[in-house]
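Q: Pasting in a structure now, in structure tokens, and then I'll have a few things to ask.
The values are calculated or read from the model by the stated rules, or taken from the named source; none is laboratory data. As the structure is a prediction and not an experimental result, all values here were calculated from the model. So basically every Cβ, Gly included, is an ideal-geometry build from the backbone, and we count neighbours across all protein chains shown. When the accessible area is computed, the model is the full protein with side chains, heavy atoms only, and any ligands, DNA or RNA have been set aside. Shrake-Rupley method; radii C 1.70, N 1.55, O 1.52, S 1.80 Å.
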Amino acid sequence: MDVKQLFNMLKKAQEPKGYYFNNDMDMTMPLLESLLINKERFGYMACPCRLANGDFDADKDIICPCTYREDDVKKYGACFCALYVSKDFNEGKIEKTVVPESRPPEKILF
Amino acid sequence: MNDIKVYALSTCIHCRNAKKYLDECGVKYDCVHVDQLSGDERNDVVRKIKEYNPAVSFPTIVIKDKVVVGYHKDQIDEALKGE
């Protein structure tokens, strides 16, 4: 699958749920490319902005779309990566902020 | 200006943007791509990042004694000025 196919596939699946791709394509396209890199590396699309453990079960919470997306988009208008955002975010109705990490650090195995 | 360390992920867009900004500022820094480490090396680095940033999120940028978590231009500017 290439990045355009992934874009189209996810857009179709996520937009009806109220999650839109960040309209800043300089963010969105590299993030989608990174998702494909992680799929190749781990076998699943781990969040590109988080340190994956490389184990499906240990990374379940950060497989995109991650478990933290819902709350983050509600609170900040964007997920941690800012790949998925709300309509208001894209329309410039809310201030763009850096979304803090909400994944508990204990989830990182070391 | 040589004591700048960037803990980053090779796939992370915020990390990439932060590094680009540091480049634009003309400062030299040392970057560790934590996702490209393994075994003890990874563990040691994660442990170290935890001391700077308990959330172990990326980028974690250490500019002398200041720690900037995430891509915050203003905080980077401030930390660079403080040098």
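Q: So what's the gap between the Cα centers of the range B:20-75 and the range A:29-44, to the nearest angstrom?
A: Each part's Cα centre sits 22 Å from the other's.
Q: Considering only DSSP beta bridges with both partners in the protein assembly as shown, what is the antiparallel share in %, to the nearest 5?
A: Details: 12 of 16 bridges.
Within the protein assembly as shown, antiparallel bridges account for around 75 percent of the total.
Q: Now, a different point. Would you mind getting the Kirkwood hydrodynamic radius of the range B:4-81 from its Cα pairs, rounded to one decimal in Å? Can you show the working numbers first?
A: Working: mean 1/r = 0.0804 Å⁻¹.
One over the average 1/r among Cα pairs gives 12.4 Å for the range B:4-81.
Q: Grab the eigenvalues of the alpha-carbon gyration tensor for the protein assembly as shown, scale each by 5, take roots, and send me the semi-axes largest first in whole angstrom. Please list the in-between numbers first.
A: Details: eigenvalues 142, 84, 44 Å².
One finds semi-axes of 27, 21, 15 Å for the protein assembly as shown.
Q: Just tell me which lysines come within less than 19 Å, Cα to Cα, of A:K12; anything on the same chain fewer than 8 places away is out.
A: A:K4, A:K87
Q: Same structure, new question: Binning at 5 angstrom from zero up to the longest distance, how are the C-alpha pair distances of chain A distributed in percent?
A: 2, 12, 23, 25, 20, 12, 4, 1, 0
Q: Pop out the carbon and sulfur fraction of the accessible area of the range A:60-100 as a percent, whole number, probe 1.4 Å. It would help to have the intermediate numbers written out before the result.
A: Numbers: 1100 of 2160 Å².
Whole-percent figure for carbon plus sulfur exposure: 51.
Q: Which trypsin sites (Lys or Arg not before Pro) from the range A:1-104 combine a DSSP loop assignment with at most 11 other Cβ atoms within 10 Å?
A: Numbers: sites: A:K4, A:K11, A:K12, A:K17, A:K39, A:R41, A:R50, A:K60, A:R69, A:K74, A:K75, A:K87, A:K93, A:K96; in loops: A:R50, A:K93, A:K96.
When the trypsin sites (Lys or Arg not before Pro) of the range A:1-104 are filtered for loop state and at most 11 Cβ neighbours within 10 Å, A:K93 remain.
Q: Using the Karplus curve 6.51 cos²θ - 1.76 cosθ + 1.60 with θ = phi - 60°, what ³J(HN,Hα) values do you get for each residue of the range A:51-62, in whole Hz, with x for Gly and Pro?
A: The phi angles translate into 7, 7, 8, x, 10, 3, 5, 6, 10, 3, 6, 10 Hz.
Q: Okay, moving on. Looking only at chain B, where both bridge partners belong to it, what percent of the DSSP beta bridges are antiparallel (to the nearest 5)?
A: Beta bridges within chain B, antiparallel portion: roughly 65 percent.
Q: To the nearest 0.05, how large is the calculated FRET efficiency for B:E41 and A:M25 if R₀ is 35 Å and r is the Cβ-Cβ distance?
A: Values: r = 35 Å, r/R0 = 1.00.
That gives a FRET efficiency of 0.50.
Q: Here's another thing I want to ask about it. Give the interface area between chains B and A as buried accessible surface, both sides summed, probe 1.4 Å, in Å² to the nearest 100. Let's see the in-between values first.
A: Values: alone 5190 and 6790 Å², together 10170 Å².
Using a 1.4 Å probe, the pair buries roughly 1800 Å².
Q: Taking a probe of 1.4 Å, how large is the accessible area per residue of chain A, in Å²? Intermediate results must be reported in sequence, preceding the final value.
A: Details: 5860 Å² over 110 residues.
I get 53 Å² per residue for chain A.
Q: Now for a different question. Work out, step by step, the length gained on full extension between A:F56 and A:K12: first 0.36 nm times the residue separation, then minus their alpha carbon distance; give nm to one decimal. Could you put the intermediate results ahead of the total?
A: On the way: separation 44, 0.36 × 44 = 15.84 nm, distance 2.51 nm.
Going from the current span to full extension adds 13.3 nm.
Q: Right, here's the next one. For B:E24 and B:K73, calculate 0.36 nm times their separation in residues minus their Cα-Cα distance, and state this gained length in nm to one decimal. Each step should come with its number before you reach the end.
A: Values: separation 49, 0.36 × 49 = 17.64 nm, distance 1.13 nm.
Contour length minus the Cα-Cα distance gives 16.5 nm.
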